[in-house]
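Heads up, the thing below is written out as structure tokens.
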Number of protein chains: 2
Amino acid sequence: MTEAAKSTAPLDRLTCVIPAGGVGSRLWPLSRANAPKFLLDLTGSGDSLLRATWARLAPITPPERVIVVTGVSHRDSVIKQLPELLTENLVTESEPKDSSAAIGLAAAILELRDPDAIIGSFAADHVIRNEVLFQRAVETAVRAADQGYIATIGIRPSHAATGFGYIAAGQARGDLAPFDVYDVTQFVEKPDEAIAREYLEHGGYLWNAGMFIARATVLLDQMAEKEPEMVVALREMAAAWGTERGASVRERLWPTLPKIAIDYTVAEPAADAGKMVCVAAHFDWDDVGDFASVANLLTRGRGSDLAVLGDGAQVLSDGSSGIVVSESDRLVALVGVEDIVVVDTADVLLVTTKSRAQDVKNLVGRMKVTGGGHLL
Amino acid sequence: MTEAAKSTAPLDRLTCVIPAGGVGSRLWPLSRANAPKFLLDLTGSGDSLLRATWARLAPITPPERVIVVTGVSHRDSVIKQLPELLTENLVTESEPKDSSAAIGLAAAILELRDPDAIIGSFAADHVIRNEVLFQRAVETAVRAADQGYIATIGIRPSHAATGFGYIAAGQARGDLAPFDVYDVTQFVEKPDEAIAREYLEHGGYLWNAGMFIARATVLLDQMAEKEPEMVVALREMAAAWGTERGASVRERLWPTLPKIAIDYTVAEPAADAGKMVCVAAHFDWDDVGDFASVANLLTRGRGSDLAVLGDGAQVLSDGSSGIVVSESDRLVALVGVEDIVVVDTADVLLVTTKSRAQDVKNLVGRMKVTGGGHLL
């Protein structure tokens, strides 16, 4: 980076990082080890969630300022989805190490490219509508990040969701933006129904969409307070990245990294230290965590309460609702089944209900233990 | 037939007729035009219902005294299922004409072979357990038939079934058998739940299992009172049957026959005329009318309330009940679905519930009108 680049506006110093990991086992048997959630089209748009994420970021940052971190086994799939992605911006993990390692390594690489670099981390497998509102929120977050804060984007709840974590918003931060920016008091885990309703009525709680925006150095220094050795290793890997030594250094250090989510190494400690702010945003967001979410996404605002996903899907319904996901062109006939979930793949057929959709994860867990792993 | 044969005991003059028609559309998509219910194995025994019917009759009548009436399109399938069936005992219908024509033609053929012939008609697609009790009931019915009555076998209800027609039993007929034979007061249609419970408590109502036993001539003469032209045509076809003229006579007359169930041409008029008696039987009987019946048959007396049918079926259940019918070897995973019906065939997947299983018929009816007939 030249001196000129360093003096550019904050948004021009933003690099977006897309951590593309996680199978999404509650979406099995659609999601598999070799077909993780971020490679799926869960909206019927024709694009994978990863491709949609890329497209959403395109108006904010040019292709050369988007980094994807993914497992080595997904390298080719990611390149196929994102032909514009620069080779030096594809960071592969030899084994999954959760989000601290993935985002941390990207931050360490960026910090070397530009000491003033701002990193924005956005999940590869979420769905967002109202993209202009998303862009506004990112711009606001980037300005806060430039001031040295670690910023997150929280979503104004539209209902008492129990499937998401929440952000408790504190003091409004008019000094950072005229409106919609708040101190983060704390991050709270997925609530039960009653608490989710309290949050909704209270108004000061936002959905945690797992977006983090900060100067790369600020993020790493925050992480180092909790995991100093990890950050030393990440910076050592970053220094060797793209050189002849790169592979051997990664091979030596990556396996030593702890598996830990960035929520615990950065977000929560930063909130406790008063360094975390959130932008309260109004766009439609969903982490599409299970088939009930997929169904709701697909039927929202439409007349039918039966969602169908799949290019060749043929569905005949008699008094039925829910979702049919089909990878075949055979006829799926439903008679009098409400809130049903049918997922029809070549080697597995799943039948459950929207209210039990979360429990698919348990079944997958059971199969890991009792056999059937080849179907996962 | 020789004079000696005519003087034999009534049971030795019994010929069993198996009308093998009817697709069984409530069992779609397992049942199809080319895979009607009687060709299916619905008990997991490895035998089709037709083969099981044949085997059930074998201790009562030798192979040369069993006639099968079926559609021309099922000729080869029937021969494959019943290699012991004599060629002259396979009666084919050029088009389906319901049970009066099918059973009536068999009766007319038998009447010519032996004026004292007794015909017993037993559906090709019902399930019976306690076969010895079935044999006893047939023997009793045959004795009543020899006396000139039209006999039916009614099943003592085990529960307040709404899926079967009922027989109202009247006066006990100790003159015909020491016990278990009654006049038939009337045949009644499938009742609603409340009436079915009344029938059960009353004790004088039996399930109508559609079995009719009578002298062939008595049956035809009874039919002639309601449908005289039909019986003339049936007797004309029978006279030509097996001769050079057989095909041309059938071709001319069969299409002219009315489509009418034997219940309306024989059973009900005979009951009204006091010529109908019933044997009250205690064997397990089911007409396996829908997937709920199939499920109940398969789970009866077993610990599990999840039935699985299909040689290669693989099912993984988490808190689920009902039935999985699979023609493939792919995994069917069920999570939290109760009383579910899943039928997994090569080109159609059906999902319904035990309580809605009857409504599959409506869907099939809709497909006939709106397209999709190639899947029926």
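The values are calculated or read from the model by the stated rules, or taken from the named source; none is laboratory data. As the structure is a computational prediction, the values presented were derived from the model and not from experiment. As a convention, Cβ positions derive from the backbone with ideal geometry for all residues, glycine included, and neighbour counts pool all protein chains shown.
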**Asked** Which residues, taken from the range A:150-177, are in contact with a strand residue (DSSP E or B) (Cβ under 7 Å, 6 or more places away or on another chain) and among the β-branched types (Val, Ile, Thr)?
**Response** A:ILE150, A:THR152, A:ILE153, A:ILE155, A:ILE167
**Request:** Could you please find all residues in the range A:348-359 being at the interface with chain B (Cβ under 8 Å from one of its Cβ atoms) and either among the acidic types (Asp, Glu) or farther than 17 Å from A:VAL337 by Cβ (or both)?
**Result:** A:VAL348, A:ASP359
**Item:** Residue in the range B:199-218 that is out of contact with any strand residue (DSSP E or B) (no Cβ under 6 Å at 6 or more places or on another chain), farther than 25 Å from B:ASP116 by Cα, among the aliphatic types (A, V, I, L, M) and assigned by TED's automatic domain parsing to the domain that holds B:GLU93 present
**Value:** yes
**Message:** Within the range A:284-298, take every residue that is among the acidic types (Asp, Glu) and under 20 Å from A:VAL23 (Cβ atoms) and give me the one that is surrounded by the fewest Cβ atoms within 10 Å (Cβ to Cβ).
**Reply:** A:ASP287
**Fill in**
If you go through A:THR92, A:THR53, A:THR8, the only one that is touching a helix residue (DSSP H, G or I) at 6+ places or on another chain (Cβ under 9 Å), without any contact (Cβ under 8 Å) to a residue 24 or more places away in the chain and not hydrophobic (A, V, I, L, M, F, W, C) is A:THR92
**Asked** For the range A:236-249, which residues satisfy the criterion of being touching a residue at least 12 places away in the same chain (Cβ under 8 Å) and out of contact with any strand residue (DSSP E or B) (no Cβ under 9 Å at 6 or more places or on another chain)?
**Response** A:GLU236, A:MET237, A:ALA238, A:ALA239, A:GLY242, A:VAL249
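One line per residue, one yes/no per condition, for (1) assigned by TED's automatic domain parsing to the domain that holds B:SER248; (2) closer than 24 Å to B:ARG235 by Cα; (3) touching a helix residue (DSSP H, G or I) at 6+ places or on another chain (Cβ under 6 Å):
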residue	(1), (2), (3)
B:LEU39	yes, no, yes
B:ILE79	yes, no, no
B:SER99	yes, yes, yes
B:ALA102	yes, yes, no
B:LEU105	yes, yes, yes
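Residues are listed down the side, and each one gets a yes or a no for (1) on the phi > 0 side of the Ramachandran plot; (2) facing chain B (nearest Cβ under 10 Å); (3) surrounded by 23 or more Cβ atoms within 10 Å (Cβ to Cβ):
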site	(1), (2), (3)
A:ASP305	no, no, no
A:ALA313	no, no, no
A:GLY322	yes, yes, yes
A:VAL337	no, yes, yes
A:ASN362	no, yes, no
**Asked** For the range A:175-216, what are the residues that are among the hydroxyl-bearing types (Ser, Thr, Tyr) and either on the phi > 0 side of the Ramachandran plot or surrounded by fewer than 19 Cβ atoms within 10 Å (Cβ to Cβ) (or both)?
**Response** A:THR185
**Item:** From the options A:ALA137, A:ALA58, residue that is closer than 28 Å to A:ILE260 by Cβ, among the hydrophobic types (A, V, I, L, M, F, W, C) and assigned by TED's automatic domain parsing to the domain that holds A:LEU253
**Value:** A:ALA137
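Residue-by-condition table, conditions (1) touching a residue at least 40 places away in the same chain (Cβ under 8 Å); (2) out of contact with any His (no Cβ under 6 Å at 6 or more places or on another chain); (3) among the charged types (D, E, K, R); (4) part of a strand (DSSP E or B):
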| site | (1), (2), (3), (4) |
| --- | --- |
| B:GLY274 | yes, yes, no, no |
| B:ALA280 | yes, yes, no, yes |
| B:SER293 | yes, yes, no, no |
| B:LEU316 | no, yes, no, yes |
| B:SER355 | yes, yes, no, no |
| B:VAL360 | yes, yes, no, no |
| B:VAL364 | yes, yes, no, no |
| B:HIS374 | no, yes, no, no |
**Complete:** The condition from (1) modelled with pLDDT of 95 or more; (2) assigned by TED's automatic domain parsing to the domain that holds A:ASP344 that A:GLY301 misses is numbered (1)
**Request:** Assess whether A:ALA233 counts as being part of a helix (DSSP H, G or I), touching a residue at least 12 places away in the same chain (Cβ under 8 Å) and out of contact with any Gly (no Cβ under 8 Å at 6 or more places or on another chain).
**Result:** yes
**Request:** Could you tell me which numbered condition A:ALA267 fails, if it satisfies all but one of (1) at pLDDT below 95; (2) assigned by TED's automatic domain parsing to the domain that holds A:SER94; (3) of a type in the set (A, V, I, L, M)?
**Result:** (1)
**Prompt:** Of the residues A:VAL277, A:VAL294, A:VAL341, which single one is on the phi < 0 side of the Ramachandran plot and either within 14 Å of chain B (Cβ to nearest Cβ) or of a type in the set (Phe, Trp, Tyr) (or both)?
**Reply:** A:VAL341
**Request:** Filter the range B:76-118 down to the residues that are under 18 Å from the mean Cα position of the chain (by Cα) and of a type in the set (D, E, K, R), then identify the one that is surrounded by the fewest Cβ atoms within 10 Å (Cβ to Cβ).
**Result:** B:ASP98
**Asked** If you take the residues of the range B:130-158 that are in a helix (DSSP H, G or I) and not hydrophobic (A, V, I, L, M, F, W, C), which of them is farthest from B:LEU57 (Cα to Cα)?
**Response** B:ASP146
**Asked** Is it the case that A:ALA102 is assigned to a helix (DSSP H, G or I) and under 29 Å from A:SER158 (Cβ atoms)?
**Response** no
**Asked** If A:VAL332 passes every condition in (1) more than 8 Å from every other protein chain (Cβ to nearest Cβ); (2) β-branched (Val, Ile, Thr); (3) not in a helix (DSSP H, G or I) but one, which one does it miss?
**Response** (1)
